[in-house]
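Quick notes on the structure that follows.
The values are calculated or read from the model by the stated rules, or taken from the named source; none is laboratory data. Since the model is a prediction, treat every value here as computed from it, not as a measurement. Positions of Cβ are backbone-derived with ideal geometry, glycine not excepted, and every protein chain shown enters the neighbour counts. These accessible areas exclude ligands, DNA and RNA; they are computed on the full protein's heavy atoms, side chains included. Shrake-Rupley method; radii C 1.70, N 1.55, O 1.52, S 1.80 Å.
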Amino acid sequence: MNERTRRAVLGAGIPAAVVGAGLGPYLAYRSDLPDRVASHFGISGRADDSMTPELFLFVVGALMVIGLGMCVAVALIRERLQPMVGLGASFIGAFIGALAAGILATTAIGQRGLERWQEATLPPWALILWIGGSLIVGSAAAWIASALPTADDPGIDTAPPAMDLAPGERAFWTATLSARWPLLLGLVTVLVVLALTQLVEPWFALVLLAPALITTTFSRIRVTADRSGLTVRYGFLGWPGTFVPLSRIAMAQAIDVRPTDWGGWGYRGNLTLMNRAAVVLRAGPGLRLDLHDGKVFVVTIDDPDIPARLLNAEASRLTTT
């Protein structure tokens, strides 16, 4: 898929498909909807607020236009954007647009034939279905945007420094980095969830608990470099983990990481879909890996020069072999 085709799909194909999937069912069943449609649902899934069909279409449609407008903007802007800016805008825009389209379609299909909006319900599976579908659409948009031209990447200007290892000599390096913000954010969320267990349905509390636990895992990372490659372990249990084998590493270097250049804090990007990924716990020193296929992986860690030189030495050995 060339650049022109990618821009067409991102700026026209995805928006047209999303608008059709949401607006089509709503307009098709508009005459079968009640005088007011349920616009908000309680934790139990029962409707507790309503709007006129026209106002509902305007509000949700505006949300869909704003989201898809971000995809259109990325497709139309010819200036080279920072890699994570284009990817992030495409993902968020497509996700919001698809989410709004799902709301329109679910409302039309679920409330068709009802006499009163109070009869409407929102089953958990419908919520999971449209959020999951929105994530897929957002990921597809990010994948398409990943191949668009981006701002020049400075990369490595000179030959990367390598550790001086004697023939047959092996080196092993490991270090940990801790951050308070994921732990505090996760703990606060857990406390809120525990307080809500007395007020909401159990399944909703579990939905809130999952991101809290995921956030907490980023309170600590352990980075290891050796002849097998680079490994990043998350949380105090060391699970899950990210492994970059030595065979994929072209070169490594120590860099100064600015979270805004990589999309913020936490695990940002995706090597498979976006060609770039970063584990950012704080601003400052970090290790950058340039892979043979042009992809880039970054992790914040203290004293990154040591693992960079170790990996360069082992990569050089592997290439020579």
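Just a few scattered comments:
- The residue that is surrounded by the most Cβ atoms within 10 Å (Cβ to Cβ), counting only those in region 71-96 that are over 18 Å from the mean Cα position of the chain (by Cα) and part of a helix (DSSP H, G or I), is 75.
Results for (1) surrounded by 14 or more Cβ atoms within 10 Å (Cβ to Cβ); (2) farther than 30 Å from residue 48 by Cα; (3) at pLDDT below 90, shown as yes or no for each residue.
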residue	(1), (2), (3)
137	yes, no, no
141	yes, yes, no
159	no, yes, yes
162	yes, yes, yes
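- Enumeration of residues in region 1-58 that are touching a residue at least 40 places away in the same chain (Cβ under 8 Å), of a type in the set (Asp, Glu) and within 25 Å of residue 94 (Cα to Cα): 3
Residue-by-condition table, conditions (1) of a type in the set (Asp, Glu); (2) more than 18 Å from residue 119 (Cβ to Cβ); (3) touching a Leu at 6+ places or on another chain (Cβ under 7 Å); (4) part of a helix (DSSP H, G or I):
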| position | (1), (2), (3), (4) |
| --- | --- |
| 4 | no, yes, no, yes |
| 17 | no, yes, no, yes |
| 22 | no, yes, yes, yes |
| 35 | yes, no, no, no |
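- Candidate set from region 1-27 (those that are open to solvent by 70 Å² or more (accessible area, probe 1.4 Å) and of a type in the set (A, V, I, L, M)); member that is modelled with the lowest pLDDT: 1
- Taking the criterion of being outside any helix (DSSP H, G or I) and either open to solvent by 60 Å² or more (accessible area, probe 1.4 Å) or touching an Asp or Glu at 6+ places or on another chain (Cβ under 6 Å) (or both), the residues of region 43-70 that qualify are 43, 44, 46, 48, 49.
- Of all residues in region 253-274, those satisfying the criterion of being open to solvent by less than 50 Å² (accessible area, probe 1.4 Å) and under 29 Å from residue 140 (Cα atoms) are 257, 259, 261, 262, 263, 264, 266, 269, 271, 274.
- Within region 97-128, tally of residues that are part of a helix (DSSP H, G or I) and open to solvent by less than 60 Å² (accessible area, probe 1.4 Å): 18
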